[in-house]
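Here the structure comes first, spelled out in structure tokens, and everything after it is commentary.
The values are calculated or read from the model by the stated rules, or taken from the named source; none is laboratory data. Everything numeric in this text was worked out from a predicted model, so none of it was measured. All Cβ positions, even for glycine, are placed from backbone atoms using ideal geometry, and neighbour counts span all protein chains on display.
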Protein chains: 2
Amino acid sequence: MKINVMQDVLQANDRIAAANRQLFKEKHNLVLNLMSSPGAGKTSLLEKTAERVAGKLRLGVIVGDIETTRDADRISKFNIPAIQLTTGTECHLDANMVSSALPHMELDKIDVLVIENVGNLVCPAEFIVGEDFKIMILSVPEGDEKPLKYPLMFHESALMLINKIDLIQYTNFNLKEAKANARKINPNIDIIEISCANGAGLDEWVSWLMTKYHDKTGGAGHA
Amino acid sequence: MKINVMQDVLQANDRIAAANRQLFKEKHNLVLNLMSSPGAGKTSLLEKTAERVAGKLRLGVIVGDIETTRDADRISKFNIPAIQLTTGTECHLDANMVSSALPHMELDKIDVLVIENVGNLVCPAEFIVGEDFKIMILSVPEGDEKPLKYPLMFHESALMLINKIDLIQYTNFNLKEAKANARKINPNIDIIEISCANGAGLDEWVSWLMTKYHDKTGGAGHA
């Protein structure tokens, strides 16, 4: 007899994710699962996004980290409801962890819920949590070959944000190569170049976000 | 009855790691388990190290990646024996994976064996593979708070290399803060600032490596 532990884990996860998804549908929330390597700029992106969508979209954030509440603290400064999940040793968020945060959020008052995953280019991509889209950040200093080396992350993501584009002149990062590598893994992936440091590309990102929100809620939402 | 799967996995891993360690001792190999986030510079460090220790230390490398043989290909150009382990979906190397590579290496002809782990700041730190030391790279663009957010990695490492120090002027990375954060987690951690781009600090790193090699082999080794 063979016990496939991982398969059981994933099936249980998918059931909880489906329940989360149903709740988000009822509440007219667009839900994004935001992933990247450590330090690629997930929290910075949320700070910059908060500034830009103020008065247009109401954000909510669930942040996963091994330790510390630093990221939720940073986001709370923008008067955005933010819940920190500290995972201890877990290297990713799963549907159950996200589910445990939901009773503490007023989902009726949120248009876009962003789930900021643990910084990790591998494991988070294996778990759905009830999101509409997985999106990911590749930062320029990480290198242009990353889609080939960590394919699942790029395969599962609807959008790749290439962040720290302001540093490109100091690195050997090849933008054309990075895009070609990502599209080799996922021909349908959207790609936007951004800099949270100087603001480049952030309007395009916010426009992507607004479009996806309106596509999902069809005007039935709150915004 | 409670079945603690993770505990069983770790115990089995530790038995294989002990066997690896015994073999490395017989062969007079200093063995380093090199870890970092994706794109922090593990392979670049090995390239620069190979140039600097040529004629003094004989390197061998085992590289773990989810996909591709790019890193082993890069290292092989320096006439260094390099074996690529592609892990599929596994987010870390374990002792058994390393063990599977050893029959393919002439350990008698290697002084320092570097095991370049999968790019991941979380999971690799949980597994010993038979190494003498875990060492890790934090790259400047990742941010100075990473030791607090990913404590196990910093706790387990004997050495933190702060790479891409040449980029520091273009970021808000605070060097003093980064060191203090690492020492808060691990008071005994050695810290060396380096740049694989301009060569800064690499002599100090090679000196650390030579010292650890001679400490272990006491002149009984090959070099």
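Kindly indicate whether A:Pro151 is surrounded by 24 or more Cβ atoms within 10 Å (Cβ to Cβ) and farther than 14 Å from A:Lys42 by Cβ.
Against the criterion (surrounded by 24 or more Cβ atoms within 10 Å (Cβ to Cβ) and farther than 14 Å from A:Lys42 by Cβ), A:Pro151 does not qualify.
Mind checking which residues of the range A:67-100 are touching a residue at least 60 places away in the same chain (Cβ under 8 Å) and more than 15 Å from the chain's Cα centre (by Cα)?
Listed by number, the residues that qualify are A:Asn96, A:Ser99.
With (1) touching a residue at least 40 places away in the same chain (Cβ under 8 Å); (2) part of a helix (DSSP H, G or I) as the list, and A:Gly64 as the residue in question, which single condition is left unmet?
Status for A:Gly64: all satisfied but (2).
Determine whether the range A:21-28 contains at least one residue that is modelled with pLDDT under 95 and more than 14 Å from the chain's Cα centre (by Cα).
No - not one qualifying residue is present in the range A:21-28.
Of the residues B:Ile165, B:Ile189, B:Ile194, which is touching a residue at least 12 places away in the same chain (Cβ under 8 Å) and within 23 Å of B:Gly60 (Cα to Cα)?
Selected residue: B:Ile194, the only one of B:Ile165, B:Ile189, B:Ile194 that is touching a residue at least 12 places away in the same chain (Cβ under 8 Å) and within 23 Å of B:Gly60 (Cα to Cα).
Any residue in the range A:24-37 that is closer than 25 Å to B:Ile185 by Cα, in a loop (DSSP other than H, G, I, E, B) and without any contact (Cβ under 8 Å) to a residue 40 or more places away in the chain?
No, the conditions are met nowhere in the range A:24-37.
Which residue out of B:Ile110, B:Ile75 is at pLDDT below 95, over 17 Å from B:Ser36 (Cα atoms) and surrounded by 22 or more Cβ atoms within 10 Å (Cβ to Cβ)?
So the residue among B:Ile110, B:Ile75 that is at pLDDT below 95, over 17 Å from B:Ser36 (Cα atoms) and surrounded by 22 or more Cβ atoms within 10 Å (Cβ to Cβ) is B:Ile75.
Among the listed residues B:Pro81, B:Pro38, B:Pro124, which satisfies the condition of being surrounded by fewer than 20 Cβ atoms within 10 Å (Cβ to Cβ) and out of contact with any Cys (no Cβ under 7 Å at 6 or more places or on another chain)?
B:Pro81
Please work out which residue is surrounded by the fewest Cβ atoms within 10 Å (Cβ to Cβ), limiting yourself to the range B:166-181 and to residues that are within 14 Å of another protein chain (Cβ to nearest Cβ) and in a helix (DSSP H, G or I).
Among them, the one singled out is B:Gln169.
Considering only residues that are in a loop (DSSP other than H, G, I, E, B) and over 17 Å from A:Asp190 (Cα atoms), which ones fall in the range A:132-144?
A:Gly143 - this is the single residue of the range A:132-144 that is in a loop (DSSP other than H, G, I, E, B) and over 17 Å from A:Asp190 (Cα atoms).
Is it the case that B:Lys134 is surrounded by 17 or more Cβ atoms within 10 Å (Cβ to Cβ), more than 27 Å from B:Val61 (Cα to Cα), away from every other protein chain (no Cβ under 14 Å) and touching a residue at least 12 places away in the same chain (Cβ under 8 Å)?
Here the answer is no, as B:Lys134 does not meet what is asked.
Residue-by-condition table, conditions (1) touching a Phe, Trp or Tyr at 6+ places or on another chain (Cβ under 7 Å); (2) over 30 Å from A:Glu90 (Cβ atoms):
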position: B:Ile66; (1), (2): yes, no
position: B:Ile75; (1), (2): no, yes
position: B:Pro81; (1), (2): no, yes
position: B:Gly88; (1), (2): no, no
position: B:Leu102; (1), (2): no, yes
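Looking at A:Leu85, A:Leu121, A:Leu93, can you tell me which residue is assigned to a strand (DSSP E or B), within 14 Å of chain B (Cβ to nearest Cβ) and touching a strand residue (DSSP E or B) at 6+ places or on another chain (Cβ under 9 Å)?
Of A:Leu85, A:Leu121, A:Leu93, the one residue that is assigned to a strand (DSSP E or B), within 14 Å of chain B (Cβ to nearest Cβ) and touching a strand residue (DSSP E or B) at 6+ places or on another chain (Cβ under 9 Å) is A:Leu85.
Of the residues B:Ser157, B:Ser139, which single one is out of contact with any Asp or Glu (no Cβ under 8 Å at 6 or more places or on another chain), within 30 Å of A:Thr69 (Cα to Cα), surrounded by 24 or more Cβ atoms within 10 Å (Cβ to Cβ) and more than 14 Å from every other protein chain (Cβ to nearest Cβ)?
Checking each option against the conditions leaves just B:Ser157.
For the range A:133-140, indicate whether the set of residues that are charged (D, E, K, R) and modelled with pLDDT of 95 or more is non-empty.
yes
Quick grid of which residues meet (1) under 18 Å from B:Asp111 (Cβ atoms); (2) touching a strand residue (DSSP E or B) at 6+ places or on another chain (Cβ under 8 Å); (3) among the aliphatic types (A, V, I, L, M):
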position	(1), (2), (3)
B:Leu23	yes, no, yes
B:Glu26	yes, no, no
B:Val31	yes, yes, yes
B:Met35	no, yes, yes
B:Ala40	no, yes, yes
B:Thr43	no, yes, no
B:Glu47	yes, no, no
B:Val53	yes, yes, yes
B:Leu57	yes, yes, yes
